[in-house]
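The values are calculated or read from the model by the stated rules, or taken from the named source; none is laboratory data. Just so it is clear, the model here is predicted, and its values are computed rather than measured. Positions of Cβ are backbone-derived with ideal geometry, glycine not excepted, and every protein chain shown enters the neighbour counts.
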Amino acid sequence: MRNKSFNLDSNFKMKRILFIISLVFSFSVAVNAQTEKENVFTSVPEVNGKVVFQQFIHTHQGLNEDQSYALLYKWGKDNYAGNPLLSGIRFIDKDKSLSVSSKVELLLPEDSQGVRQKMMMNYRFDATITNAGCLLVIRDVTYQDVKDKGRNFFPRLIAAEDMITDSSVNSDSDSKELKANLRKGTLFFLNEFYNDLKAALSVSN
């Protein structure tokens, strides 16, 4: 009888351990699914001949508009206030929106010569809270070769329409590789930007 009781206890403990392991694994999979980054920007859209990226972000379901705007406000302050690359920032409390003009240095993918070129990207975005989420619009994208910085009082800016659209990339064989890499670098940054903002609006503080 004692051996039988021992075997029953051992089986019970083993099943309990396996159950706990399965719970931990399921939780791990769920967390990874929630934190997995999305590539929502995979092409370069044009609106009336202008490059405009738009995406809607669903905010945390338990938050109202004021709470979501508070998260957007904090995210804007944390990421842009005091940033030396910031050109302008405006919080519009009435519309629950944030408008920012800034720039970022892009390190492009390696080209056929093994060189990773740097380009400065200027951009403007508007993020507006609605009852269902946040509408993100990114526009006024221009580029400047980092090597040109400081050479001219008015640095040469090139519009996104002339650099990263399908027609622009395919029409210029001499700079096709640069333009293709610039498009890749731009889309990579925008997806990182989107995922960072989405994470900030999806978690209740």
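Observations
- Qualifying residue in region 106-115 (condition: in contact with a strand residue (DSSP E or B) (Cβ under 7 Å, 6 or more places away or on another chain) and either modelled with pLDDT under 95 or not hydrophobic (A, V, I, L, M, F, W, C) (or both)): no
- Scan of region 24-46 for residues that are among the hydrophobic types (A, V, I, L, M, F, W, C), modelled with pLDDT of 95 or more and more than 14 Å from Tyr194 (Cβ to Cβ), ordered by number: Val44
- Screening Asn205 against (1) at pLDDT below 95; (2) in a helix (DSSP H, G or I); (3) under 30 Å from Ser68 (Cβ atoms) leaves a single unmet condition, (2).
- All told, Gly62 meets the bar of being modelled with pLDDT under 90, out of contact with any helix residue (DSSP H, G or I) (no Cβ under 6 Å at 6 or more places or on another chain) and part of a loop (DSSP other than H, G, I, E, B).
- Taken over region 71-112, the criterion of being within 21 Å of Ala200 (Cβ to Cβ), hydrophobic (A, V, I, L, M, F, W, C) and touching a residue at least 24 places away in the same chain (Cβ under 8 Å) is satisfied by Leu71, Leu72, Trp75, Leu98, Val100, Val104.
- Selection status of Leu85, within 19 Å of Asp140 (Cβ to Cβ), assigned by TED's automatic domain parsing to the domain that holds Val137 and either in contact with a helix residue (DSSP H, G or I) (Cβ under 6 Å, 6 or more places away or on another chain) or among the hydrophobic types (A, V, I, L, M, F, W, C) (or both): yes
- Any hit, region 88-101, residues being in contact with a helix residue (DSSP H, G or I) (Cβ under 7 Å, 6 or more places away or on another chain), assigned by TED's automatic domain parsing to the domain that holds Gln54 and closer than 22 Å to Ala180 by Cα: no
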